[in-house]
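J.: Structure below; questions to follow.
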Amino acid sequence: MSLLQSVHHIATATNDLDRMMAFYAEAFELEPKPGFPMETPVGRIAFYDIGGVEWQVAESATEITAAPADIPAVLLQQGLRVDHVTFHIADPETFATVKGNLVRLGASTGDVQDFRGSDLLAFTDPDGHTAEVIHTPGG
């Protein structure tokens, strides 16, 4: 049995929190939790609740650049970022809407891959974070 109860949050770094918030609002109709964005001693942050998992987007004063492929960990303090996040989408209609939004925003080519029977679409957000959306038919 795992000693871990759940994922508390996933964090990504950005140089422009407002731009990132606008992108995710337009692509996914995602709004930050009440009280966010907020100022912290290290910069502004926004928290989102996505199906019970918290996602933090933190504005960094350090220039965010692509992390080397051989870096396995997320170290916000060192300006590195998450390898990728995959967002689950429950129904095919919403998947099609999100796909259209991402293509319109220039964040994805719209090429859907079959991943073990699930529809998987990769995209890149305005800061270059690679992410995916996935829909499992019947699941």
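The values are calculated or read from the model by the stated rules, or taken from the named source; none is laboratory data. It should be emphasised that the depicted structure is a prediction, and the values quoted were computed from it without experimental measurement. No Cβ is skipped: glycine too gets one built from the backbone with ideal geometry, and neighbour counts run over all protein chains shown.
Quick grid of which residues meet (1) of a type in the set (S, T, N, Q); (2) at pLDDT 75 or above:
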position: M1; (1), (2): no, no
position: S6; (1), (2): yes, no
position: I10; (1), (2): no, yes
position: M38; (1), (2): no, yes
position: F47; (1), (2): no, yes
position: G52; (1), (2): no, yes
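J.: A follow-up question, please. Select from segment 106-123 the residues that are under 20 Å from Y24 (Cβ atoms), of a type in the set (S, T, N, Q) and surrounded by fewer than 17 Cβ atoms within 10 Å (Cβ to Cβ) and list them in ascending order.
T.: Within segment 106-123, T109 is the sole residue that qualifies.
J.: Also, I was wondering about something else. Taking interchain pairs and intrachain pairs at least six residues apart, which have beta carbon atoms under 7 angstrom, with the first residue in segment 1-21 and assigned to a helix (DSSP H, G or I) and surrounded by 13 or more Cβ atoms within 10 Å (Cβ to Cβ) and the second modelled with pLDDT of 70 or more and of a type in the set (K, R)?
T.: What qualifies is L17/R44.
J.: Tell me which residues, restricted to segment 27-37, are touching a strand residue (DSSP E or B) at 6+ places or on another chain (Cβ under 9 Å) and either in contact (Cβ under 8 Å) with a residue 60 or more places away in the chain or surrounded by 11 or more Cβ atoms within 10 Å (Cβ to Cβ) (or both).
T.: Hits for segment 27-37 are A27, F28, L30, E31, P32, K33, F36, P37.
J.: Go through segment 99-139 residue by residue and tally those that are in contact (Cβ under 8 Å) with a residue 40 or more places away in the chain, touching a Leu at 6+ places or on another chain (Cβ under 8 Å) and not in a strand (DSSP E or B).
T.: Here the count works out to 1.
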